[in-house]
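Presented below is the structure to which this report refers.
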Amino acid sequence: MLEPAAIDTVGLSKTYGGKVHALVGLDLRVERGEVFGYLGPNGAGKSTTIRLLLGLIHPTAGRASVFGLDTRTNGVRARGHLGYLPGDLRLSDRLTGREQLESLASLRGSVDRALRDELCARLGVVLERPIRQLSRGNRQKIGLVQAFMHRPELVVLDEPTAGLDPLLQNEVRALLRETAAEGRTIFLSSHSLDEVQHVADRVGIIRAGRLVDVDAVESLRERALRHVTITFAEPADPSQFAGLDGVRVVSTDGAVLRLSAPEPAMDGVVKAAARYRIVDLVSQPADLEEIFLELYREGDDGG
Amino acid sequence: MAAELLRRGLSDHRRALAAWCVGIAAYVALVAAIFPSIESSPDFNKLVESYPDVLKSLFGIAAGGDVTSGAGYLDVELFSLMLPLLVLVLAIGSGARTLAGEEDAGRLELVLSYPLRRRDAVLAKGAAVAAEIVTVCVVVGIAIALLDPLVGLDLALGRLAEALGALAALGLVYGWLALAVGAAWPSRAPAIGVPAAAAAGAYLVSGLHELAGWLDPFRFLSPFWLVGSSPLQSGADARGVLVVVVAAVIVLLAGALLVERRDLETP
Ligand SMILES: Nc1ncnc2c1ncn2[C@@H]1O[C@H](COP(=O)(O)OP(=O)(O)OP(=O)(O)O)[C@@H](O)[C@H]1O
Ligand SMILES: [Mg+2]
């Protein structure tokens, strides 16, 4: 029999109060060992999906399973495989970081203490001060430690790097990559493709409760347009380039020509340019953010 | 593992609980300190007898009872209203805070994402509430027992234990009701309001059912009536106490079942 996927949802839907369709018919499979980025604008339904996976809320229709365990009927065992960082983390304010982690460890039952201490050292967790005195980022670190400290098979993170400084964001990304290298699975939500493109294998883009695209980060990159800037010795005829498939002339400024072109059209662009004397040629991959925005806009047309 | 929630619940409320214990013990001491002057004024019985019936029945002043005896005095001054009131405020506050309050504050999100059943979480928190109620009742018992020889209350210790058992049963049924309402609806306001209103109603039924005949059939629904008034003079109704405790358990179990069905509130 096929090994069950880390996450498998079929027609998963959630409607709040009979009218807010926060999630509509989500079919998603995340394989073991994968890092999956779950992207969408505010209110898209990311946290709703995650809270369904954890059994914190119940689906209106469809089902979700984690390693083959239905989150509704087998929630306790499913959660045994999970580590979770809530999007809006609330800890016990009066406890110190150490007491909070100790309490969560007892609640979990089994925790790898050596791993916990290592994580605390690595993220620089403030352990001895009451949590209410900690900054947002320092609370977030405690949340991250508790999500990883029992070496879960699947880590679900709702906007994990919110509130962290760039150095720590890097540290967290490194942690995510190492976790995936051990064959464990990561599902993380974010607003920004930029934030996940360096760690995720695949991304899903959700908008207004519907999954609008699932793709490997690599192929998203390929779809990305290049920004090409060619400086000629003397002005060239832009129509030679505009005729190429997928190429758009952005501007001509004397001898400087700006184009946007998909990867497959690059060969034609260079060959057309080669007919002239070239002073300089710069090609930059468009930020993935642009594709992302493009997809958001497409979604807008649809609904 | 859910036992951690019991530990956490007790530890989170330990300051509030300590304050309640000190406050109640001080109040008990104050009431006891007044007793010698009541005892030595035989007119006090006459004064009390001249009270309107409504007051007498609300304060559990039984016909033929003697408010200048230690037992009669404490029944009227402590066990008829003040102690149940104080214990209920503690019990309802604690029952509402430990689940509905935690959920309102968004702190249940992380706890319930751990591999434990929600119903076990409710039961563990119920155990913490019960432990707080028992602690307060034990403190009251110790305070009264220590003061007894000092001011000459001359109580029967068995009766005192019965009175405290009845008091704890009252705390339990309303504390667990608060917890169960919080388990069924994700908000602290009804978790406080429902048991508070239920307790106020039950208290009136118990106190006034003899005067207002139409209330009489409802007295069986009143925990206050079931456990019996004036427990130090005539003892608590053991069967009534048992009924109240069983009702409390049923309420708690209902809460434990209802919590599984609903969505956890978004923090
Ligand atoms: N308890 C609730 N009751 C009613 N509506 C809700 C509830 N929780 C979420 N919603 C609505 O469901 C939709 C999806 O919300 P969700 O929190 O899943 O979005 P999100 O993608 O996580 O957004 P963000 O990026 O802002 O965190 C939103 O329109 C939100 O207002
Ligand atoms: Mg969210």
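The values are calculated or read from the model by the stated rules, or taken from the named source; none is laboratory data. Keep in mind that what you see is a predicted model, and the values were worked out from it rather than measured. Please note: Cβ atoms are built from the backbone with ideal geometry, for glycine as well, and neighbour counts cover all protein chains shown. SASA here: full protein model, heavy atoms, side chains in, ligands and nucleic acids out. Shrake-Rupley method; radii C 1.70, N 1.55, O 1.52, S 1.80 Å.
Screening residue B:200 against (1) in contact with a helix residue (DSSP H, G or I) (Cβ under 9 Å, 6 or more places away or on another chain); (2) open to solvent by 40 Å² or more (accessible area, probe 1.4 Å) leaves a single unmet condition, (1). Quick check on region A:182-195. Is at least one of its residues within 14 Å of ligand 1 (Cβ to nearest atom) and within 14 Å of another protein chain (Cβ to nearest Cβ)? Yes, region A:182-195 has at least one match.
Just one of the listed residues (A:109, A:75, A:83) is more than 16 Å from ligand 1 (Cβ to nearest atom) and touching a Gly at 6+ places or on another chain (Cβ under 6 Å), and it is A:75. Given the structure, is residue A:7 open to solvent by less than 40 Å² (accessible area, probe 1.4 Å), within 24 Å of the chain's Cα centre (by Cα) and within 14 Å of chain B (Cβ to nearest Cβ)? Considered against the rule, which asks whether it is open to solvent by less than 40 Å² (accessible area, probe 1.4 Å), within 24 Å of the chain's Cα centre (by Cα) and within 14 Å of chain B (Cβ to nearest Cβ), residue A:7 comes out as no. Per the listing A:202, A:177, the residue uniquely over 24 Å from residue A:12 (Cβ atoms) and either free of Cβ contacts under 8 Å to residues at least 60 places away in the same chain or not hydroxyl-bearing (Ser, Thr, Tyr) (or both) is A:177. Being in contact with a Lys or Arg (Cβ under 9 Å, 6 or more places away or on another chain), without any contact (Cβ under 8 Å) to a residue 12 or more places away in the chain and charged (D, E, K, R) is not true of residue A:234.
For beta carbons closer than 6 Å, sequence separation of 6+ or different chains, a first residue in region A:43-72 that is on the phi > 0 side of the Ramachandran plot and a second that is assigned to a loop (DSSP other than H, G, I, E, B) and away from ligand 2 (no atom under 13 Å from the Cβ), the qualifying pairs are A:55/A:71; A:67/A:4; A:67/A:81; A:68/A:4. Can you find a residue in region B:165-182 that is over 16 Å from residue B:95 (Cα atoms) and surrounded by fewer than 24 Cβ atoms within 10 Å (Cβ to Cβ)? Within region B:165-182, one or more residues are over 16 Å from residue B:95 (Cα atoms) and surrounded by fewer than 24 Cβ atoms within 10 Å (Cβ to Cβ).
The rows are residues; the columns are (1) at pLDDT 95 or above; (2) within 16 Å of ligand 2 (Cβ to nearest atom); (3) open to solvent by 10 Å² or more (accessible area, probe 1.4 Å); (4) farther than 15 Å from residue A:157 by Cβ.
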site	(1), (2), (3), (4)
A:39	no, yes, no, no
A:52	yes, yes, no, yes
A:57	yes, yes, no, yes
A:60	yes, no, yes, yes
A:72	no, no, yes, yes
A:77	yes, no, yes, yes
A:85	yes, yes, no, no
A:89	yes, yes, yes, no
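Inside region A:144-168, can you point out the residues that are away from ligand 2 (no atom under 16 Å from the Cβ), in a helix (DSSP H, G or I) and within 24 Å of residue A:6 (Cβ to Cβ)?
Across region A:144-168, the qualifying residues are A:144, A:145, A:146, A:148.
Is it the case, given these coordinates, that residue B:98 is farther than 22 Å from residue B:209 by Cα, surrounded by fewer than 21 Cβ atoms within 10 Å (Cβ to Cβ) and of a type in the set (S, T, N, Q)? No; evaluated as a whole, the condition is false for this residue. When restricted to residues that are more than 14 Å from chain A (Cβ to nearest Cβ), open to solvent by 80 Å² or more (accessible area, probe 1.4 Å) and more than 11 Å from residue B:226 (Cβ to Cβ), region B:239-262 contains 3.
Here is a yes/no grid of residues against (1) touching an Asp or Glu at 6+ places or on another chain (Cβ under 7 Å); (2) within 14 Å of chain A (Cβ to nearest Cβ):
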| residue | (1), (2) |
| --- | --- |
| B:112 | no, yes |
| B:117 | no, yes |
| B:133 | no, no |
| B:142 | no, no |
| B:146 | no, no |
| B:149 | no, no |
| B:155 | yes, no |
| B:163 | no, no |
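Only one entry of B:155, B:160 meets the criterion of being touching a Gly at 6+ places or on another chain (Cβ under 9 Å), open to solvent by less than 30 Å² (accessible area, probe 1.4 Å) and part of a helix (DSSP H, G or I), and that entry is B:160.
The criterion of at least 2 residues that are open to solvent by less than 10 Å² (accessible area, probe 1.4 Å) and among the aliphatic types (A, V, I, L, M) is met by the following helices (runs of 4 or more DSSP H) wholly inside region A:180-295: A:193-196, A:217-223, A:266-273. Restricting region B:101-110 to residues that are among the charged types (D, E, K, R) and surrounded by 21 or more Cβ atoms within 10 Å (Cβ to Cβ), the residue that is nearest to the other protein chains (Cβ to nearest Cβ) is B:109. For residue B:135, the criteria (1) out of contact with any strand residue (DSSP E or B) (no Cβ under 7 Å at 6 or more places or on another chain); (2) open to solvent by less than 30 Å² (accessible area, probe 1.4 Å); (3) of a type in the set (Ser, Thr, Tyr) hold in every case but one, which is (2). One residue stands out in region A:117-166 among those that are over 21 Å from residue A:181 (Cα atoms) and polar (S, T, N, Q): the one that is least open to solvent (accessible area, probe 1.4 Å), namely A:140. Residue-level check: of (1) more than 14 Å from chain A (Cβ to nearest Cβ); (2) within 25 Å of residue A:93 (Cα to Cα), residue B:38 misses just (2).
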